[in-house]
Structures are given as structure tokens and as C-alpha cells.
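Below is one structure; the comments refer to it alone.
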Ligand code: RIB
Ligand code: CA
């Protein structure tokens, strides 16, 4: 049995975050040590309550720490028009009985990293506010982070929050800028992956009858809007989680990636420079292609782990 990869999961559920969380929790490859919540798709109260609701629904007791209520330097602009007013579409989850742990996200991440003998990877499926705040507060603990896999940006400067900015980066470009310059081992899973490997109608019909979790996902997908995916459900966050579970599903390229933070029309635009002349300043690996068949096979295999 392969040793499990220890992971901190930072998230803003969010419909596609819910699928990613299930993949991480029910995979055989990952050991989710902590979940931290960040304001993004909806406000911090709702993303945190949604995380607790999802964990109870999944029958899991992973510790949850509440994170940032707003971006580092901007007002939150949420995506409730995509994920619904409280962030999980129209599924009627019971109110959570569990609570978050006492420590906030930054302190909880600190404790996990400080007390761990091994390096820990981070999967980030929302704005990068918590992770940026963590490395600003505890820079010496950066060396306990194995790699940070984040959903964000796009390969060609097209956005879904604005014509140029993908949502996670566009909500908190200052946090992204800090992460991009952090020296951490970074893997970026851009918007094109979730738009390519989206769940089509046939997939959703199959998901609906897999088990009780699939039946819930199908309800969430009914109201999940994405301008680039007309009939189906984008898989942005589950592609991101999949990278750590099975990296060979993706083709990646090294790049020098920057984010525009000056307040112009293009704030939050991510520019990927793959050119050889920038090889000495490449700061991350970027997922450029996804094997859709392998991704969906992995998803359904993990769904099969849920009884
Ligand atoms: O652009 C897609 C990203 O923004 C996903 O993480 C989705 O959940 C939203 O947070
Ligand atoms: Ca998300």
C-alpha cells in the first residue's frame, strides 16, 4: 500500500469545491490533515458552514479552521450567482452539528506544519488569501510545504470573473502575487482544465446513480452556472485535487507566471511566459493539457470508494 500524501485543503465551497473535497477525502492516495475555509464563492460564514455540512454528509471528522473573511486588500466580490446564495446550489443540507476548531486558518496551518515530521502539500481551490497570509506570518515554515497545487488563472489571459481575470486570482490578486513570488514549489491548474474535462449530461446521469454523494452532486449541478460550459458542470477544483492524486493525467510546462495587480481593466489577469529565454525565472509548473478519459476514470473510481 502506497504511503498516503499528507494534505491541507484550502477551499471556498462552492459547488465544484464540493466535488474536489470528496475526491481528496475518499481517494486512497491523500490524507487530508486539515481543511481551511476562505471567503470566495460566497462569504466566510457560508463557505465555513458549507464545509461542515459537506463533512457531515460525507461522514468525515477532518478538522476545519475558519479563514479569511475578505481578500488581503480588497472587498470580497463573491460568485453567488454561480453557486447559489449560500454556495451549495439548491441542495437542502441539515444545519451542521459540528464546529470549527478554535484556531483560525493561519494558526491551524502553522500547527500542522510545525508538528509534522514530513513536508505537507496544500491544495487550494479558492482565492489564495489564507496561504498568502500564512507565508507572510510564518515565512520560516515555507520549507515544510512540499508543493502548493492551486486552481487559478488561465493559459491565454481569458477570465470568468472579468474578461481577463479567472475568479480565484481575480478576487485576491495581491495574494496571488505573493504566492507567485514565494519560491514555493507551485503547480497551477488553470481554467482550461475544468472547461475541457467538464462533466457532460451523460456523466451527470451516471454520477446521479453512483451513490448518495453522486445523487447530491447531481442536485448541485442543476444550478451550477459557467459561461464556458453550457450543458454540464465544470470541474475546476476537482482537476486541481486530481493533480496531486494522479499527476500523469496532466501535461505540465514550466513557466514564469505573473499577475496584474495595478487597478486597470486587466487586474487579475495571469500571464504565463513559457519562453526559453525566461527559463531562469520560471516560478511554477502549469497544467497545459488534461487526459479527460483518465480524469473521469479516476473520479468514478473514487466515487466507487464511497459506500
Ligand atoms: O474560476 C473557477 C474557480 O472559482 C473555482 O475554484 C470555483 O469554485 C470558483 O472558486
Ligand atoms: Ca473554488
Label points 7 Å out from Cα along the Cβ direction at residue 102 and residue 276: separation in nm? 5.8
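Nearest 5 percent is fine: what portion of the DSSP beta bridges confined to the chain is antiparallel? It would help to have the intermediate numbers written out before the result.
Values: 11 of 35 bridges.
Beta bridges within the chain, antiparallel portion: roughly 30 percent.
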How many times 2.2 N^0.38 Å is the alpha carbon radius of gyration of the chain? 0.91
Compare the peptides 70-80, 158-168 by average per-residue count of other Cβ atoms within 10 angstrom and give them in order, highest first. 158-168, 70-80
Cα-based equivalent ellipsoid of segment 35-115: semi-axis lengths in Å, sorted from largest, via gyration tensor: 21, 19, 8
Which of the peptides 138-150, 50-62 is most tightly packed, and how do the rest follow, going by the mean number of other Cβ atoms within 10 Å of each residue? 50-62, 138-150
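Can you tell me how much longer the chain between residue 200 and residue 246 gets when fully stretched, taken as 0.36 nm per residue apart minus their C-alpha distance, in nm with one decimal? Show your work: numbers first, answer last.
Values: separation 46, 0.36 × 46 = 16.56 nm, distance 2.16 nm.
Length gained, residue 200 through residue 246: 14.4 nm.
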Calculated Rg and Dmax of segment 58-165 using C-alpha coordinates, Å: 16.3, 44
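Can you give the relative contact order of the chain as a percent, counting alpha carbon pairs under 8 Å and 6+ residues apart? Numbers along the way, then the final one.
Values: 692 pairs, mean separation 61.3, N = 307.
20 percent.
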For segment 161-218, what size does the Cα cloud have along each of its three principal axes, sorted from largest down, in whole Å? 44, 27, 18
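Which whole number of Å³ per residue matches the convex hull of the alpha-carbon atoms in segment 95-155? Present the calculation step by step, with values, prior to reporting the outcome.
On the way: hull volume 7.2 nm³, N = 61.
In segment 95-155, the Cα convex hull volume per residue is 118 Å³.
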Spin-label point model (7 Å from Cα, Cβ direction): what's the residue 292 to residue 208 distance in nm? 2.1
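Which whole-number percent of Cα pairs in segment 179-300 have a distance greater than 16 Å?
Value for segment 179-300 (Cα pairs over 16 Å): 67 percent.
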Would you mind calculating the gained length between residue 228 and residue 114 on full extension (0.36 nm times residue separation, minus the Cα-Cα distance), in nm to one decimal? 36.9 nm
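Since every read-out is calculated from the coordinates, none of them should be taken as a lab result. Please read all numbers here as calculations on a predicted model, not as lab measurements. Here the Cβ is made from the backbone with ideal geometry for all residues, glycine too, and neighbour counts use every protein chain on show.
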